[in-house]
Amino acid sequence: MLDRAWIAAHIPHQGDMCLLDSVVEWSEAGIECHAISPLASDHPLRRAGRLGAACAIEYAAQAMAVHGALLGGSDAPPRQGYLTSVRGVRLHVARLDEGAGDMLVRAERLTGDANHVMYQFSVLRDGCCLVEGRASVVLDAGALHGGRS
């Protein structure tokens, strides 16, 4: 199992913004990650004492980044990805910080090439889907335009 230290070393998200605690399982097609941070009172995305369900998109984006790092090989430096589209998002709860238990973050790669990827994602707790949707990511967007972003 790949732990939080491995994840932080392989994605751009650092410190408290590294939201995933471990990789449970992965393959070329997708990834499952474990997260306990939604219940932390000092969560970096918490606002007005709440952690809204839409924050699950950030968890999913980080799972996608971990998946990309795993596919790219452990010696490759983290690639900067930019979320360009989020579609079909369904929030089945209002908040991520209500209820007990850790979260499972799943991301399945639907299509992609060296610079663009599309994933389907879901965030679950105790087998119940909290949030689901699709996301598109552009990798190294500055490099696509000769260094201009």
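No value in this document is a laboratory result; all are computed from the given coordinates. Note that the structure is a prediction, hence the values are computed from the model and not measured. Neighbour counts are summed over all protein chains in view; Cβ atoms, including those assigned to glycine, are modelled from backbone coordinates with ideal geometry.
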Members of the stretch 98-136 found to be assigned to a strand (DSSP E or B), without any contact (Cβ under 8 Å) to a residue 60 or more places away in the chain and acidic (Asp, Glu), listed by number: Glu132
Residues satisfying the stated conditions in the stretch 89-115, i.e. surrounded by fewer than 16 Cβ atoms within 10 Å (Cβ to Cβ) and under 12 Å from Ile57 (Cβ atoms): Arg90
Selection from the stretch 36-64 of residues that are closer than 18 Å to His10 by Cα and in contact with a strand residue (DSSP E or B) (Cβ under 6 Å, 6 or more places away or on another chain): Tyr59, Ala60, Ala61, Ala63, Met64
Residues being within 10 Å of the chain's Cα centre (by Cα) and small (Gly, Ala, Ser) - total across the stretch 36-77: 5
